[in-house]
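Step one of this worksheet: look at the structure below.
The values are calculated or read from the model by the stated rules, or taken from the named source; none is laboratory data. Since we're looking at a predicted model, the values are computed, not measured. Methodologically, a virtual Cβ is constructed for each residue, glycine included, from the backbone with ideal geometry; neighbour enumeration extends over all protein chains shown.
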Amino acid sequence: MLRNGGAEMEQERLALHETLETHEIINFKTVCLLRSKLMQGICFNNELKQLMEKDVKQSIQDINELLPFYKQSQILH
């Protein structure tokens, strides 16, 4: 718990194993994002390109949802 001007504020922190898992998921999603983005440049099938673009957008959304958890890491504080 953190104290702020006499009022108590509770701030959750990730355990070390949770931090590691979050880091691994973010890395995995980043690799998926990069791979799909790169493959779009050499793909000639429009349907497949659209599927990869959908994957890129989903990966970006997933990473943005995971980052706040990573910022709760005990290592960063």
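Tell me the residue from Cys32, Cys43 that is outside any helix (DSSP H, G or I), surrounded by 11 or more Cβ atoms within 10 Å (Cβ to Cβ) and hydrophobic (A, V, I, L, M, F, W, C), please.
Cys43
Checking Tyr70 against (1) in contact with a helix residue (DSSP H, G or I) (Cβ under 6 Å, 6 or more places away or on another chain); (2) modelled with pLDDT of 95 or more: exactly one of these is not met. Which one?
Of the numbered conditions (1) in contact with a helix residue (DSSP H, G or I) (Cβ under 6 Å, 6 or more places away or on another chain); (2) modelled with pLDDT of 95 or more, the odd one out for Tyr70 is (2).
State the number of residues belonging to the range 7-26 that are assigned to a helix (DSSP H, G or I) and either surrounded by fewer than 11 Cβ atoms within 10 Å (Cβ to Cβ) or touching a strand residue (DSSP E or B) at 6+ places or on another chain (Cβ under 6 Å) (or both).
Counting residues in the range 7-26 that are assigned to a helix (DSSP H, G or I) and either surrounded by fewer than 11 Cβ atoms within 10 Å (Cβ to Cβ) or touching a strand residue (DSSP E or B) at 6+ places or on another chain (Cβ under 6 Å) (or both) gives 3.
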